[in-house]
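The values are calculated or read from the model by the stated rules, or taken from the named source; none is laboratory data. Values in this document were obtained by computation on a predicted structure and should not be read as measured data. Here the Cβ positions follow ideal geometry from the backbone for every residue, glycine too, while neighbour counts run over all protein chains shown.
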Amino acid sequence: MAELITQAEYARRRDVSRQYIHRLVTQGKIPTDELKRIDPEIADAVLAQLSDPARRLNDMSEDPDSMAAENDDQGAAAEQSGNGHTSFAKFRSAREAYQAKLAQLDYEERAGKLVRKDEIDREAFEAARLIRDRFLALPQELGGTLVGMTDEKEIIQYLRAKIRDALMDVSNDVSLGT
């Protein structure tokens with residue numbers, strides 16, 4: 001294992017900003033010890049994997065075989081470090097799969113197979129409010145009629161019929177969207 005160095009020292013050696021190295025450490029891409037120091041060999045391997053392959057082609061030296069061997073060594077070091085980072089191609093593949101899922105969701109929403117959760121929540125709230133208002137209006141509506149009734153069975157039948165009517169009215173109002 002190489003000598004551990006600070007994030008700032010590593011950033012100076014690689015000629016990148018301290019913030020970039022700190023962000024990679026925070027994201028868990030570059031492992032650190034308990035004092036937040038970095039193993040430069042592992043960090044180099046991680047940075048090599050994170051770099052865009054197209055840029056590496058432009059930076060190749062005159063001897064492509066030596067560059068390929070160097071990349072293999074860096075890839076092996078990254079795998080040995082156990083950092084679990086994936087290649088650029090895997091990131092691109094994941095991004096494209098995500099874009100395809102978004103496009104499918106957009107299509108299904110436009111086709112009417114999906115609805116927005118906030119719209120359903122709003123409509124459910126309005127339906128519940130309509131039911132509440134209708135039931136709270138029943139005592140005033142029925143009070144005068146119930147005062148004159150003396151037979152318990154007649155009162156129960158009358159209340160059931162009025163409750164059923166109220167529920168049917170609400171059902172019709174909700175289904176019509178009013």
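Computed quantities for the displayed model
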read-out	value
Close pairs (9 angstrom Cβ cut-off, 6 or more residues apart or separate chains): assigned by TED's automatic domain parsing to the domain that holds Phe135 in segment 149-163, among the β-branched types (Val, Ile, Thr) anywhere	Met149/Ile155; Tyr158/Thr145; Lys162/Thr145
Index of the failed condition, Ser51 passing every other in (1) modelled with pLDDT of 85 or more; (2) small (Gly, Ala, Ser); (3) under 24 Å from His22 (Cα atoms)	(1)
Where a residue in segment 94-110 is more than 20 Å from Ile120 (Cβ to Cβ) and surrounded by 10 or more Cβ atoms within 10 Å (Cβ to Cβ) and its partner, wherever it lies, is at pLDDT below 90 and of a type in the set (Ser, Thr, Tyr), with Cβ under 9 Å and at least six apart	Ala94/Thr86
Cross-chain or 6+ apart pairs with Cβ under 6 Å, segment 13-27 first and over 16 Å from Ala48 (Cα atoms), then at pLDDT 90 or above	Arg18/Ala8; Arg18/Ala11; His22/Gln7
Filter pass, Asp118 being surrounded by 10 or more Cβ atoms within 10 Å (Cβ to Cβ) and either of a type in the set (D, E, K, R) or in the same structural domain as Asp169 (by TED's automatic domain parsing) (or both)	no
In segment 97-125, the residues that are over 17 Å from Ser175 (Cβ atoms), in a helix (DSSP H, G or I) and small (Gly, Ala, Ser)	Ala97, Ala100, Ala103
